[in-house]
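Student: Pasting in a structure now, in structure tokens, and then I'll have a few things to ask.
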Amino acid sequence: MEVAEYVGFDAVGLAELVAGGEVTPAELEAAARAAADAVGPRINAVVETWDTDDRPGPGSAPLAGVPFLIKDIGVAMAGRRMELGSRLAAGQVAGGDSFLMSRLRRAGLVTFGRTATPELAYSITTEPVLYGATRNPWDVTRSAGGSSGGAGAAVAAGVVPIAHATDAAGSLRIPAACNGLFGLKPTRGRVSVGPAVDEIFNGLAVHGAVSRTVRDSAVLLDLIAGPEPGDPYAARPPARPYAQEAGRDPGPLRIGVLAQAWGGHRTTAPVAAALARTVSLLESLGHRVTRAEVDLGAGWEEFVLANARQWAANLSAQVDELAAALGRPVDASTLEPPVLASYHYGRQVTGAQFVAALGMRNRVSRSLARYFDTYDLLLTPTLPELPVPLGTFAEGAGELDGLGWLDRVLGRSPFTAVFNVTGTPAMSVPVTADAATGLPVGMQFAAGYGREDRLFRLAGQLERASPWADRRPAVWAGDRTGH
């Protein structure tokens, strides 16, 4: 299969070709590798590829033979490096498969490489010292987002139709928005993060994917969802497969709109215009869309402080464990300035401060939960601005402490982290684009706990009403030269 043909299919479409005997998994993998080679030098999204031994037979699994990439953090694949985007973990090899990796294998996916992440996934732009900056396929001078920036850029450029991503404060939805993709963050407990840990960052982080079509994300979530032995909790199973929900009419929904974020962070004019177009589209589809005043349940400064303490305490423990296991120092030779500063900040967090941070999590969760009695969904921009130029987050970063760094990160992504704190599902949908630059603009929809079904129904409807899969970035593997 030629790359120009390969990039025209989503994951479900490729699996159907394999099941019908029209193409083999080996041919798909060869096309994916060629696509990676074509765009790799321009976007730097894939940090490593390898020879695969996963070659499922036709029809043996729902996504049999579909090429796939995993993020360089969060999912362990036996015998493969997992370096977390950090010099501290350089060369680290996973001793066995995580639960998620086992499910990805059973799904029939052919995982042939790993995608870039910022150091320890501790940023919303993917510009690590270890492998260098990942560039946005729509404009290579701009960020691809983070922390799943490599996944977002690779899918947007046509390397694979869907890729693994994680989300602890927007790390899946932000790259989806920056790269013009669909990305749904599942409910806390929907996908197991074990067995090495029971939860990541006290339940803030979840596994998911970024994709070019809604049905791909729905099918994959059906395949990876569900508890594993020893999991501390699990979300209630859905009434029907998400793949079916994506094709169902959502009916008229009550949608509350939050145009301006908590903490006084202003939405820029291009994004506000995109939000207005989205509201018009929703109203034309029969939904009742009204302005919402959403009480966070805590002041913004308190929210940032509590998150900084929770994040940094978890980070410091992770860094100490890595340093001990790999016999490396914790200093500027192994960690970048923002992460090193956050490490030191985390070591100063007391037990009482940490417990208080968890108390803030409860108050925010209780406060937002009541809005889903009034609204079926909440709508916000995914980001308040267009993808930023590369280097934006690095300006003055060496002068920030751990609190200052997280204040910068959350200040530029004020809509997303709230739904990690609450554990509720949220998705970024590439409904529209900026008229002046052509850059994609993501719209975030959030639902009550366990209501991914409602999100998938609306996403499918929006995809049918305002298709995005045929939009092509400047760097596209389907072009003969990759650009």
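Student: Restricting to region 18-72, name every residue that is farther than 25 Å from residue 479 by Cβ, modelled with pLDDT of 95 or more and in contact with a strand residue (DSSP E or B) (Cβ under 7 Å, 6 or more places away or on another chain).
Tutor: 50, 70, 71, 72
Student: When you look at residue 466, is it surrounded by 22 or more Cβ atoms within 10 Å (Cβ to Cβ) and small (Gly, Ala, Ser), yes or no? Explain how you work it out, then say what you get.
Tutor: Working: surrounded by 22 or more Cβ atoms within 10 Å (Cβ to Cβ): no; small (Gly, Ala, Ser): yes.
The answer is no for residue 466.
Student: Within region 200-214, which residues are in contact with a Gly (Cβ under 9 Å, 6 or more places away or on another chain) and surrounded by fewer than 24 Cβ atoms within 10 Å (Cβ to Cβ)? Let's see the steps before the verdict.
Tutor: Filtering region 200-214 down to residues in contact with a Gly (Cβ under 9 Å, 6 or more places away or on another chain) leaves 200, 203-214.
If the condition is that a residue be in contact with a Gly (Cβ under 9 Å, 6 or more places away or on another chain) and surrounded by fewer than 24 Cβ atoms within 10 Å (Cβ to Cβ), then 200, 203, 204 are the ones that fit.
Student: What number of residues within region 208-238 satisfy the criterion of being more than 23 Å from residue 469 (Cα to Cα) and outside any loop (DSSP other than H, G, I, E, B)?
Tutor: From region 208-238, those more than 23 Å from residue 469 (Cα to Cα) are 224-238; that's our starting set.
After this cut, where a residue has to be outside any loop (DSSP other than H, G, I, E, B) as well, the list is 224, 226.
Qualifying residue count for the region: 2.
Student: Here's a follow-up. Kindly provide the set of residues from region 294-334 that are farther than 30 Å from residue 375 by Cα and of a type in the set (Asp, Glu), ordered by number.
Tutor: Those that are farther than 30 Å from residue 375 by Cα and of a type in the set (Asp, Glu): 320, 321, 331.
Student: Listed residues 279, 294, 289, 271; which is in a helix (DSSP H, G or I), more than 22 Å from the chain's Cα centre (by Cα) and of a type in the set (Val, Ile, Thr)?
Tutor: Values: 294 fails: in a helix (DSSP H, G or I); 289 fails: in a helix (DSSP H, G or I); 271 fails: more than 22 Å from the chain's Cα centre (by Cα).
Selected residue: 279, the only one of 279, 294, 289, 271 that is in a helix (DSSP H, G or I), more than 22 Å from the chain's Cα centre (by Cα) and of a type in the set (Val, Ile, Thr).
Student: Let me confirm something: among 177, 153, which residue is closer than 26 Å to residue 421 by Cβ and touching a residue at least 60 places away in the same chain (Cβ under 8 Å)?
Tutor: Working: 153 fails: closer than 26 Å to residue 421 by Cβ.
Of 177, 153, the one residue that is closer than 26 Å to residue 421 by Cβ and touching a residue at least 60 places away in the same chain (Cβ under 8 Å) is 177.
Student: Could you check, for region 128-137, whether at least one of its residues is in contact (Cβ under 8 Å) with a residue 12 or more places away in the chain, crowded, with 24+ Cβ neighbours inside 10 Å, in contact with a strand residue (DSSP E or B) (Cβ under 7 Å, 6 or more places away or on another chain) and outside any loop (DSSP other than H, G, I, E, B)?
Tutor: Yes, that holds for at least one residue.
Student: Next question. Pick from 391, 442, 423, 411: which is of a type outside the set (A, V, I, L, M), within 17 Å of residue 143 (Cβ to Cβ) and within 17 Å of the chain's Cα centre (by Cα)?
Tutor: On the way: 391 fails: within 17 Å of the chain's Cα centre (by Cα); 423 fails: within 17 Å of residue 143 (Cβ to Cβ); 411 fails: within 17 Å of the chain's Cα centre (by Cα).
The unique qualifying residue is 442.
Student: Being more than 22 Å from the chain's Cα centre (by Cα), surrounded by fewer than 24 Cβ atoms within 10 Å (Cβ to Cβ) and in a loop (DSSP other than H, G, I, E, B): is that true of residue 96 here?
Tutor: Yes, satisfied.
Student: Within region 292-347, can you find the residues that are aromatic (Phe, Trp, Tyr), touching a residue at least 60 places away in the same chain (Cβ under 8 Å) and in contact with a Ser or Thr (Cβ under 8 Å, 6 or more places away or on another chain)?
Tutor: 311
Student: Now, a different point. Within region 320-346, which residues are surrounded by fewer than 23 Cβ atoms within 10 Å (Cβ to Cβ), outside any helix (DSSP H, G or I) and not hydrophobic (A, V, I, L, M, F, W, C)? Show your work before the answer.
Tutor: Looking only at region 320-346, we keep the residues that are surrounded by fewer than 23 Cβ atoms within 10 Å (Cβ to Cβ), and these are 320-334, 337, 340-341, 344.
Filter again for outside any helix (DSSP H, G or I), leaving 327-334.
Result: 327, 328, 329, 331, 333, 334.
Student: Being modelled with pLDDT of 95 or more and either touching a strand residue (DSSP E or B) at 6+ places or on another chain (Cβ under 9 Å) or within 30 Å of residue 92 (Cα to Cα) (or both) is true for just one of 298, 341, 306. Which residue is that?
Tutor: Details: 298 fails: either touching a strand residue (DSSP E or B) at 6+ places or on another chain (Cβ under 9 Å) or within 30 Å of residue 92 (Cα to Cα) (or both); 306 fails: either touching a strand residue (DSSP E or B) at 6+ places or on another chain (Cβ under 9 Å) or within 30 Å of residue 92 (Cα to Cα) (or both).
None of the other options fit; the residue is 341.
Student: Please enumerate the residues belonging to region 192-207 that are part of a loop (DSSP other than H, G, I, E, B), touching a residue at least 24 places away in the same chain (Cβ under 8 Å) and not acidic (Asp, Glu).
Tutor: Here is the first cut: in region 192-207, the residues part of a loop (DSSP other than H, G, I, E, B) are 192-205.
Going one step further and asking which of them are touching a residue at least 24 places away in the same chain (Cβ under 8 Å), we end up with 192-196, 198-205.
Within region 192-207, 192, 193, 194, 195, 196, 200, 201, 202, 203, 204, 205 meet the criteria.
Student: Just checking, which of 430, 473 is of a type outside the set (A, V, I, L, M, F, W, C) and crowded, with 24+ Cβ neighbours inside 10 Å?
Tutor: Values: 473 fails: crowded, with 24+ Cβ neighbours inside 10 Å.
430 is the lone residue from the list that is of a type outside the set (A, V, I, L, M, F, W, C) and crowded, with 24+ Cβ neighbours inside 10 Å.
Student: Okay, moving on. Restricting region 258-271 to residues that are crowded, with 16+ Cβ neighbours inside 10 Å and of a type in the set (A, V, I, L, M), which is farthest from residue 372 (Cα to Cα)?
Tutor: So the residue we want is 271.
Student: Turning to a different aspect of this structure: Could you list, in sequence order, the residues of region 405-429 that are more than 19 Å from residue 147 (Cβ to Cβ) and outside any loop (DSSP other than H, G, I, E, B)?
Tutor: Hits for region 405-429 are 422, 429.
Student: Something else about it: Test residue 263 against the stated conditions and say whether it is modelled with pLDDT under 95 and within 25 Å of residue 169 (Cβ to Cβ). Break it down stepwise before answering.
Tutor: Working: modelled with pLDDT under 95: yes; within 25 Å of residue 169 (Cβ to Cβ): yes.
Taking the combined requirement at face value, the residue satisfies it.
The values are calculated or read from the model by the stated rules, or taken from the named source; none is laboratory data. This is a predicted model, so every value here is computed, not measured. Quick reminder, even Gly has a Cβ in these numbers, built from the backbone with ideal geometry, and neighbours come from all protein chains shown.
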